[in-house]
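Trainee: Below is the structure I would like to discuss, written out as structure tokens.
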Amino acid sequence: DANGSIASLDSTMKDVEVAVKAKYPTLTKDITNGHTFDVGEYASFILEGTVPDTTGFDTYTYKIFDSWTDGLSLVNGSARNFKVTIGGVEREIAPEYTENGFTLSINMKDYQTDELIGSDVIVTYELLVTEDAILSEDTHNEAYLKYSANPKKSTELKETVKEREYVYSSKLTINKIDGDDKTELPGATFVLMKGNQYYSVSDDGTVSWEDTLEAATKYTTGEDGVISFDGLRDGDYKLVEIEAPIGYNKLPQPVDVHIAGKVEEKQPKPV
């Protein structure tokens, strides 16, 4: 069987039916709320497997390994809203965290009723998107499963192929120049809007959207004429000049800006 089935024979007669007891476990990983984020938002991940049939195994290992790169982070040492559901019921199974990952061991011997064998194993959790995700091409979260594969050799484990999902955040850079001689213009002050709200950023890079101009983060161009709004998800924005350089007029209308990065919805599995 190409799926690596475990078969059980109860007869040596020539005409015998082979009862397939279990297929090798699989693990899939997805991101459920997109790939692009403001810094300070949470990326939501889901891992999906099934309860294996552990018939013939004295002990059975089912251990998920999940890790991530800079740009994704735990908060206070744990993932937000971590939940394990087996057979549609939430289970109290806690992960073991490291600085950039966790392992999750599930005792599948506890779930060997007819109703539960083959049922869904679903793990969901959220990770904080940080400044390191800005313009990153490699901020990702990946996972794989180690599981028992041979009832006669309980220490012999197999691994699923690693599943990986990418996230990123963007930066909007503005270069204010003279329309005639193309020289850089200092002293132009801008705010950024999304809908009717204003961009604001804290000292740690967390982005929020405020209702008033007074609460907005305002950037003024220096001698190079450059400012940037960092940590943005893809989308439509308006750049508003609220103060012009000396001797110049403000832009009469907001400037429409569209940010669109690109990431594969499902990255190819590593070889």
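The values are calculated or read from the model by the stated rules, or taken from the named source; none is laboratory data. In this text the structure is predicted, and so the values were computed from the model without any measurement. Note: ideal-geometry Cβ built from the backbone for every residue, glycine included; neighbour counts use all protein chains shown. Keep in mind that these areas ignore ligands, DNA and RNA; they rest on the heavy atoms of the full protein, side chains included. Shrake-Rupley method; radii C 1.70, N 1.55, O 1.52, S 1.80 Å.
Trainee: Being closer than 24 Å to GLY34 by Cβ and either polar (S, T, N, Q) or exposed (fewer than 14 other Cβ atoms within 10 Å of the Cβ) (or both) is true for just one of GLU137, GLU142. Which residue is that?
Mentor: GLU137
Trainee: Test each condition in (1) open to solvent by less than 30 Å² (accessible area, probe 1.4 Å); (2) of a type outside the set (Phe, Trp, Tyr); (3) touching a residue at least 60 places away in the same chain (Cβ under 8 Å) for PRO254 and report the one that comes out false.
Mentor: (1)
Trainee: Please identify the pairs in which a residue from the range 144-167 that is without any contact (Cβ under 8 Å) to a residue 12 or more places away in the chain has its Cβ atom under 9 Å from the Cβ atom of a residue that is acidic (Asp, Glu), counting only partners at least 6 apart or on another chain.
Mentor: These pairs meet every condition: ASN150/GLU156.
Trainee: Could you please find all residues in the range 57-105 being over 30 Å from THR36 (Cα atoms) and assigned to a strand (DSSP E or B)?
Mentor: TYR62, VAL89, ARG91, SER105
Trainee: Residue by residue through the range 106-123, note down the ones that are in a strand (DSSP E or B) and open to solvent by 70 Å² or more (accessible area, probe 1.4 Å).
Mentor: Selection gives ASP120 alone.
Trainee: Okay, next question. For the range 194-234, which positions are surrounded by fewer than 18 Cβ atoms within 10 Å (Cβ to Cβ), aliphatic (A, V, I, L, M) and within 24 Å of LEU128 (Cα to Cα)?
Mentor: Scanning the range 194-234 gives a single hit, ALA215.
Trainee: For the range 179-221, give me the residue count where each residue is more than 30 Å from SER73 (Cα to Cα) and in contact (Cβ under 8 Å) with a residue 60 or more places away in the chain.
Mentor: 2
Trainee: Additional query: Against the condition hydrophobic (A, V, I, L, M, F, W, C) and at pLDDT below 95, how does ALA22 come out, does it pass?
Mentor: Details: hydrophobic (A, V, I, L, M, F, W, C): yes; at pLDDT below 95: yes.
The answer is yes for ALA22.
Trainee: Restricting the search to the range 148-178, which residues are part of a loop (DSSP other than H, G, I, E, B) and open to solvent by less than 60 Å² (accessible area, probe 1.4 Å)? Even if it seems obvious, please write down each step before you answer.
Mentor: Quick first cut of the range 148-178, residues part of a loop (DSSP other than H, G, I, E, B) only: 149-156, 160-162, 167, 176, 178.
Result: ALA149, ASN150, PRO151, SER154, THR160, VAL167, LYS176, ASP178.
Trainee: A follow-up question, please. Restricting the first residue to the range 88-111 and requiring it to be within 22 Å of LEU128 (Cα to Cα) and touching a residue at least 24 places away in the same chain (Cβ under 8 Å), which pairs with a second residue that is among the hydrophobic types (A, V, I, L, M, F, W, C) and open to solvent by 70 Å² or more (accessible area, probe 1.4 Å) meet a Cβ separation below 9 Å and a spacing of at least six or different chains?
Mentor: LEU104/ALA94
Trainee: A further question follows. Of everything in the range 80-130 that's acidic (Asp, Glu) and over 16 Å from LEU47 (Cβ atoms), which residue is nearest to the chain's Cα centre (by Cα)?
Mentor: GLU99
Trainee: Can you pull out the residues in the range 124-147 that are among the acidic types (Asp, Glu), within 16 Å of SER169 (Cβ to Cβ) and in a strand (DSSP E or B)?
Mentor: Matches in the range 124-147: GLU126 only.
Trainee: Find the residue count for the range 60-86, including only residues that are free of Cβ contacts under 8 Å to residues at least 60 places away in the same chain and touching a Gly at 6+ places or on another chain (Cβ under 8 Å). Before you say what the answer is, go through the steps one by one.
Mentor: Taking the range 60-86 and keeping what is free of Cβ contacts under 8 Å to residues at least 60 places away in the same chain, we get 73-86.
Narrowing further to those that are touching a Gly at 6+ places or on another chain (Cβ under 8 Å): none.
Within the range 60-86, residues that are free of Cβ contacts under 8 Å to residues at least 60 places away in the same chain and touching a Gly at 6+ places or on another chain (Cβ under 8 Å) number 0.
Trainee: From the list GLU159, GLU142, GLU126, GLU115, exactly one residue is touching a Gly at 6+ places or on another chain (Cβ under 7 Å) and modelled with pLDDT of 95 or more. Which is it?
Mentor: GLU115 is the lone residue from the list that is touching a Gly at 6+ places or on another chain (Cβ under 7 Å) and modelled with pLDDT of 95 or more.
Trainee: In the range 235-250, which residues are loosely packed, with under 13 Cβ neighbours inside 10 Å and at pLDDT below 95?
Mentor: Answer for the range 235-250, where residues must be loosely packed, with under 13 Cβ neighbours inside 10 Å and at pLDDT below 95: ILE246, GLY247, ASN249.
Trainee: Please find, within the range 78-94, the residue that is farthest from THR50 (Cα to Cα) out of those that are open to solvent by less than 60 Å² (accessible area, probe 1.4 Å) and not hydrophobic (A, V, I, L, M, F, W, C).
Mentor: SER78
Trainee: Report whether or not THR61 is within 14 Å of ILE117 (Cα to Cα) and open to solvent by 20 Å² or more (accessible area, probe 1.4 Å).
Mentor: Here the answer is no, as THR61 does not meet what is asked.
Trainee: Oh, and also: Consider ASP70 carefully, then state whether it is surrounded by fewer than 18 Cβ atoms within 10 Å (Cβ to Cβ) and at pLDDT 95 or above.
Mentor: In short, yes.
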